Amino acid sequence: MDKHQFYAIRAAGIGCFITLLIIGIIVFMLSSQQLIHYFTLIGEFVGQSTTVGIFIVASLPLFMGIIFYYFWLWVLK
C-alpha cells in the first residue's frame, strides 16, 4: 500500500469518526420529539418521509469518509 493512500485512509477514518461523534452528541442532546421532527424535515427536503431522513443521516459518515479520503489524496499530491 502506498504511503499516501495509507494517510488518506486514516483521514477518512477520522472524518467518519468526527461525523459519528457529532451525530451522537445531537441524538443524546435532543428530545425524541425534536429528533423525529428534524428527521422528518430532512426527509421532506428530498420529497420523502421520516424514514428517508433517518437513512440520509445514517449515510453521512460514509460520505464524509469519502470526501476526506479524496481530499487528503489531493492534498498529498
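The values are calculated or read from the model by the stated rules, or taken from the named source; none is laboratory data. Treat the numbers as computed from the prediction; the structure is a model and nothing was measured. Accessible surface areas use protein heavy atoms only, side chains included; no ligands, DNA or RNA. Shrake-Rupley method; radii C 1.70, N 1.55, O 1.52, S 1.80 Å.
Calculate how steeply helix 50-76 sits against the longest principal axis of the alpha-carbon atoms of the chain, using the helix alpha-carbon long axis, and give the answer as 0 to 90 degrees to the nearest 10.
Here the helix axis deviates by roughly 20 degrees.
Measuring with a 1.4 Å probe in the full set of protein chains, what accessible area per residue, in whole Å², belongs to the chain?
Here the residues of the chain average 77 Å² of exposed surface.
In degrees between 0 and 90, to the nearest 10, how far off the longest principal axis of the chain does helix 32-45 point, with axes built from Cα atoms?
Helix 32-45 sits at roughly 70 degrees to that axis.
For mean projected area of the Cα convex hull in nm², the listed values are [x] 5.8; [y] 6.3; [z] 4.7; which was obtained by calculation from the structure presented?
Answer label, from the structure shown: [x].
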